Amino acid sequence: KSNIGHSQAAAGVPCLIKMVLALRHERLPKTLHASTPSPRVDWQGSGLKLLQEARAWQRTPGHVRRAGISAFGISGTNAHMILEEAPVARAHEADRSALSVSFPLLISARDESALRSQAGRWAAWLEAHPEVPWSDVVQTAAAHRSHLKTRASIAVAGTPEAITALRALSEQRAHAEVCVTQAERRSRLVFVFSGQGSQWSAMGRELLADSALFAETVRACDAALIPYTGWSVEAVLGGEPAAPALDRIDVVQPALFTMSIALAAVWRSLGIEPAALVGHSQGEIACAVVSGALSLADGARVVALRSQLQERLAGTGAMALVELPLSEVEQRLRAARWAGLSVAVVNTQTSTVVAGDPTSLQEWTGALEREGVFCRRIASDVAGHTPSMDPILDALKQGLASVTPRQASTPMVSTVTSQPIQGEELDAAYWYRNL
């Protein structure tokens, strides 16, 4: 009241605002217009006193700052609120140290004129706040600002370069690191989880060294996998000499599973949130974990058992991608000499995966290549998604009987059924069909 007078029913709100600002600025403000305390109050015995001068309210290690706010209504209503300072955010939650490469500054507006004005304001703010870490700037712009139709990406390494680029944008001058685009608001992002064949030597190694969140997620996957594998997926990705070779099917599948989950965590920490998820072959396992339909422990069990059972069949098959539609592939496989080959995967309307006997597949793709058809051998020594998997299917169903799927929190589309799935159907029978 001594600050602004009696504000009736709104009297509590200014008090709340005042204490929030005091916490934010770490300073307790002076009580205005109250230089002479009321003699009707026993100040000495109450333990209370008016702040005659502003004073610092700094953090003390091991203690949390709190403030109590009391409000008393004329009818006898009393209310008391206790404010507590927010916990200090851990930098790795947003992976702000993230990578040795720099992320772009993303800004947007309703039209190009507004975008130029926005660029000018950003440049002025950055000039006034050079102490703010560049990683915090780009994180805030990407994850905590509305993304409007007219957008600019400022691909620079830090604040000084950003100021120069933003000034160029605001003044309608060309700049090599500025890209302006018009976004379709209807566009929605989908995460696609790739299957076997997408692996490469040293994948994830730089991320392990440069991204705290990526490394933390890899370690979580490692802890979930190691009871089944007996070896460390972190050691495999880190290239440790004693780690098992990535060319083994029971190693590459858990490694890809881990890579997919860790990459999804990094993208999400940067504010990139998918509207839906889809997984290709074994990629569906990581997809199910990221969707929330499988726990990390269940996902680890599925990928470990699946790959270990397939390892029993190592050397018995091969797989190849051919750039032909399904109908033409089926027609070409009807000849008796190709009885050992089957359609494994329909990638697109013009791309099909065929699997089966290695010698037959080599001959069949060789004939296609002589006709000018593009073919590419997939890095797999088993004929996945074909009748060649039949000998291990019963063991897979039995081993996954304890898997407990649940409702997905992010929509997922099945590449087994070509339909959206709720999550609960991802039981042992589903993974039997996936294989």
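The values are calculated or read from the model by the stated rules, or taken from the named source; none is laboratory data. The structure displayed is predicted, hence computed values, not measured ones. Every residue, glycine as well, gets a Cβ built from its backbone with ideal geometry; the counts of neighbours run over all protein chains shown.
Residue-wise test of (1) modelled with pLDDT under 85; (2) on the phi > 0 side of the Ramachandran plot; (3) under 33 Å from the mean Cα position of the chain (by Cα).
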position	(1), (2), (3)
S46	yes, no, no
A54	no, no, no
G73	yes, no, no
R96	yes, no, yes
R110	no, no, yes
Exercise. Can you find even one residue in the range 298-306 that is under 26 Å from V354 (Cβ atoms), at pLDDT 95 or above and touching a strand residue (DSSP E or B) at 6+ places or on another chain (Cβ under 8 Å)?
Worked result: no
Exercise. Where residues in the range 190-202 are surrounded by fewer than 20 Cβ atoms within 10 Å (Cβ to Cβ) and touching a helix residue (DSSP H, G or I) at 6+ places or on another chain (Cβ under 6 Å), which of them is modelled with the lowest pLDDT?
Worked result: Q199
Exercise. Taking interchain pairs and intrachain pairs at least six residues apart, which have beta carbon atoms under 8 angstrom, with the first residue in the range 50-64 and under 30 Å from T36 (Cβ atoms) and the second of a type in the set (D, E) and surrounded by 11 or more Cβ atoms within 10 Å (Cβ to Cβ)?
Worked result: A56/E26; W57/E26; Q58/E26
Exercise. Counting only residues that are assigned to a loop (DSSP other than H, G, I, E, B) and in contact with a strand residue (DSSP E or B) (Cβ under 7 Å, 6 or more places away or on another chain), how many does the range 122-154 have?
Worked result: 3
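Residue-by-condition table, conditions (1) of a type in the set (A, V, I, L, M, F, W, C); (2) part of a loop (DSSP other than H, G, I, E, B):
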{"residue": "E184", "(1), (2)": "no, yes"}
{"residue": "G197", "(1), (2)": "no, yes"}
{"residue": "M203", "(1), (2)": "yes, yes"}
{"residue": "L213", "(1), (2)": "yes, no"}
{"residue": "C221", "(1), (2)": "yes, no"}
{"residue": "L237", "(1), (2)": "yes, no"}
{"residue": "Q253", "(1), (2)": "no, no"}
{"residue": "M259", "(1), (2)": "yes, no"}
{"residue": "A265", "(1), (2)": "yes, no"}
Exercise. Hey, does the range 143-151 have a residue that's out of contact with any His (no Cβ under 8 Å at 6 or more places or on another chain), surrounded by 15 or more Cβ atoms within 10 Å (Cβ to Cβ) and under 26 Å from D210 (Cβ atoms)?
Worked result: yes
Seminar exercise, completed: Looking across the range 36-70 at residues that are part of a loop (DSSP other than H, G, I, E, B) and among the small types (G, A, S), the single one that is farthest from E85 (Cα to Cα) is S38
For this session: Name every residue in the range 255-279 that is in contact with a Cys (Cβ under 7 Å, 6 or more places away or on another chain) and surrounded by fewer than 22 Cβ atoms within 10 Å (Cβ to Cβ), in order of residue number.
Result: V278
Exercise. Looking at this structure, is V416 within 38 Å of the chain's Cα centre (by Cα) and either closer than 18 Å to Q253 by Cα or in the same structural domain as Q199 (by TED's automatic domain parsing) (or both)?
Worked result: yes
Problem set entry | Count of the range 136-171 residues which are in contact with a helix residue (DSSP H, G or I) (Cβ under 8 Å, 6 or more places away or on another chain) and of a type in the set (S, T, N, Q) | 3
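Any idea which residue in the range 368-401 is surrounded by the most Cβ atoms within 10 Å (Cβ to Cβ), counting only those that are under 30 Å from R332 (Cβ atoms) and without any contact (Cβ under 8 Å) to a residue 12 or more places away in the chain?
E369
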Exercise. For the subset of the range 234-263 comprising residues that are touching a Phe, Trp or Tyr at 6+ places or on another chain (Cβ under 6 Å) and of a type in the set (G, A, S), which member is nearest to Q196 (Cα to Cα)?
Worked result: S260
Problem set entry | Among (1) among the polar types (S, T, N, Q); (2) under 23 Å from D427 (Cβ atoms); (3) crowded, with 17+ Cβ neighbours inside 10 Å, the one test that S295 misses | (3)
Exercise. Failed condition for R173, given (1) within 29 Å of S260 (Cα to Cα); (2) loosely packed, with under 11 Cβ neighbours inside 10 Å, with all others met?
Worked result: (1)
Problem set entry | Pick from the range 123-138, criterion within 15 Å of L106 (Cβ to Cβ), among the hydrophobic types (A, V, I, L, M, F, W, C) and within 27 Å of the chain's Cα centre (by Cα), ranking: surrounded by the most Cβ atoms within 10 Å (Cβ to Cβ) | V138
Seminar exercise, completed: Log entry, pairs with first residue in the range 258-279 being closer than 18 Å to M412 by Cα and in contact (Cβ under 8 Å) with a residue 12 or more places away in the chain, second being surrounded by fewer than 19 Cβ atoms within 10 Å (Cβ to Cβ) and of a type in the set (K, R), beta carbons closer than 8 Å, six or more apart or on different chains, reads A275/R188; A276/R188
Seminar exercise, completed: T404 vs (1) of a type in the set (S, T, N, Q); (2) closer than 30 Å to A293 by Cα; (3) crowded, with 20+ Cβ neighbours inside 10 Å: all pass except (3)
Problem set entry | helices (runs of 4 or more DSSP H) wholly inside the range 286-384 containing at least 1 residues that are under 27 Å from the mean Cα position of the chain (by Cα) | 296-311
Problem set entry | Yes/no for G238 being modelled with pLDDT under 95, surrounded by fewer than 22 Cβ atoms within 10 Å (Cβ to Cβ), farther than 29 Å from R121 by Cα and in contact with a Ser or Thr (Cβ under 7 Å, 6 or more places away or on another chain) | no
